[in-house]
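Here the structure is laid out as structure tokens; the discussion comes afterwards.
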Amino acid sequence: MGRRRRLYSHKQLILFHDSQSKIFDETHKTDTLKLPSTFFEMKDFEKFLQVAHGVQLILDSYDDSWGVIMIAHRYGTKNVLTYCERQLIMDYEEFREFCDSCLVIRIIKRAIKFNLYRLLAFSLEFLFKNYERDTYDLFNSLNWGEMTNESMKIVMANVLYGEH
């Protein structure tokens, strides 16, 4: 059993970015938000809070970004999602050298899961420009059941017309 840590934040600052009232619902009867220990790392939650409060934090790695995105998606904080999405797009140049098509497809699947439409469009364009990829394999690897209509439109526009 890990030790308990407390992070302090003014409740109104967090609720300001709570677009779907998920944090409000979880803190309605109390002033504390209990974090599920199995869902994410405390270091990722600290970074999430910093970005939510406007800190222009440089996320250290690819995994850091996705850890923060998972938390932001859970609580519906669009400003954090947008910030992390922008950082991932800017980081594409850095990992282009050791990036393979499987990693790009993994990013596409995560972009679909977390509704990161700009990252989805950018990743699809990157995939089709840099790799010989059979669209049939790509179509079969995507989970069409969990996609929003917007994600489907972006995938179809990139596959059929090469644009979004």
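The values are calculated or read from the model by the stated rules, or taken from the named source; none is laboratory data. Keep in mind that this is a model prediction, so the values were computed, not measured. Glycine also receives a Cβ, built like all others from the backbone with ideal geometry; neighbour counts cover every protein chain displayed.
Would you be able to say whether some residue in region 91-110 is surrounded by fewer than 20 Cβ atoms within 10 Å (Cβ to Cβ) and under 10 Å from the mean Cα position of the chain (by Cα)?
Scanning region 91-110, I find at least one residue that is surrounded by fewer than 20 Cβ atoms within 10 Å (Cβ to Cβ) and under 10 Å from the mean Cα position of the chain (by Cα), so the answer is yes.
Listed residues THR27, THR38; which is surrounded by 15 or more Cβ atoms within 10 Å (Cβ to Cβ) and at pLDDT below 60?
THR27
Name the one entry in GLU132, GLU125, GLU46, GLU94 that is assigned to a loop (DSSP other than H, G, I, E, B) and out of contact with any Cys (no Cβ under 8 Å at 6 or more places or on another chain).
Every option except GLU132 fails the conditions.
Taking region 110-150, which residues are over 16 Å from GLU85 (Cα atoms) and of a type in the set (Phe, Trp, Tyr)?
Once the filter is applied, which keeps residues that are over 16 Å from GLU85 (Cα atoms) and of a type in the set (Phe, Trp, Tyr), region 110-150 yields PHE128, TYR131, TYR136, PHE139, TRP144.
Any residue in region 144-160 that is farther than 15 Å from PHE126 by Cα sitting within a Cβ distance under 6 Å of a residue that is assigned to a helix (DSSP H, G or I) and of a type outside the set (D, E, K, R)? List the pairs, counting only those 6 or more apart or interchain.
Partner pairs satisfying both residue conditions: MET147/ILE112; GLU150/TYR117; SER151/ILE112.
Within region 147-164, which residues are surrounded by 10 or more Cβ atoms within 10 Å (Cβ to Cβ) and either in contact with a strand residue (DSSP E or B) (Cβ under 6 Å, 6 or more places away or on another chain) or modelled with pLDDT of 80 or more (or both)?
MET147, THR148, GLU150, SER151, MET152, LYS153, ILE154, VAL155, MET156, ALA157, ASN158
I'd like the full set of residues that are buried (at least 18 other Cβ atoms within 10 Å of the Cβ), at pLDDT below 85 and in a helix (DSSP H, G or I), limited to region 52-90.
ASP64, TYR75 - these are the residues of region 52-90 that are buried (at least 18 other Cβ atoms within 10 Å of the Cβ), at pLDDT below 85 and in a helix (DSSP H, G or I).
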